[in-house]
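A.B. asks: The following block contains the structure, expressed as structure tokens.
The values are calculated or read from the model by the stated rules, or taken from the named source; none is laboratory data. Note that the structure is a prediction, hence the values are computed from the model and not measured. So basically every Cβ, Gly included, is an ideal-geometry build from the backbone, and we count neighbours across all protein chains shown.
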Amino acid sequence: MKVNAKEIIKDKFWIVENEGVRVGTLAISDDQFMLSDSNGVSFYKNKKQLNTKLNTKITWTALEIKKSEEKETHGYPTSCVPYNSMYDVKRKLPLFTKSEKSKSLYCAGYYTIKFDKGWVKSFCPKLITVERYETRGPFKTELEMRMELSSVK
């Protein structure tokens, strides 16, 4: 039996797996371990008592914190980590999606958009918005966009 406790919340919550199959959850509550599995909920004072009960040594896997990935595409800032990054040469727009399977395209950078009530500032608007309304951009910084916004108002 190969039991692994995979950390989900740092020093508080783990998923317990036996040879890759999830068998329960483990949490620390009031300085004791609470194991919830098919047998119900049980409490243990420390890791040694938990190992004895499970009749094996638990391998503890620490929480992996991913480094923040770059939030830009084609030199323009994005509101999230971009997926499916592309550049529309005809319209000169840096485009991206917010997830791998998403079909909604967003325009990277800062824009000014003219709606019925006037010009507004926008960060990473949807492509469909940029297509439907008069826009200026993309701008690489908010300052550039604000300067353009003040000139069109």
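A.B. asks: Determine whether residue 88 is charged (D, E, K, R), assigned by TED's automatic domain parsing to the domain that holds residue 123 and either in contact (Cβ under 8 Å) with a residue 12 or more places away in the chain or under 30 Å from residue 138 (Cβ atoms) (or both).
C.D. replies: Yes; evaluated as a whole, the condition is true for this residue.
A.B. asks: Moving to a separate point now. Of all residues in segment 22-41, how many are under 31 Å from the mean Cα position of the chain (by Cα) and either in a strand (DSSP E or B) or farther than 17 Å from residue 9 by Cβ (or both)?
C.D. replies: Residues flagged as under 31 Å from the mean Cα position of the chain (by Cα) and either in a strand (DSSP E or B) or farther than 17 Å from residue 9 by Cβ (or both) within segment 22-41 amount to 13.
A.B. asks: Further question: Name the residues in segment 62-82 that are in contact with a Phe, Trp or Tyr (Cβ under 8 Å, 6 or more places away or on another chain) and loosely packed, with under 14 Cβ neighbours inside 10 Å, would you?
C.D. replies: 79
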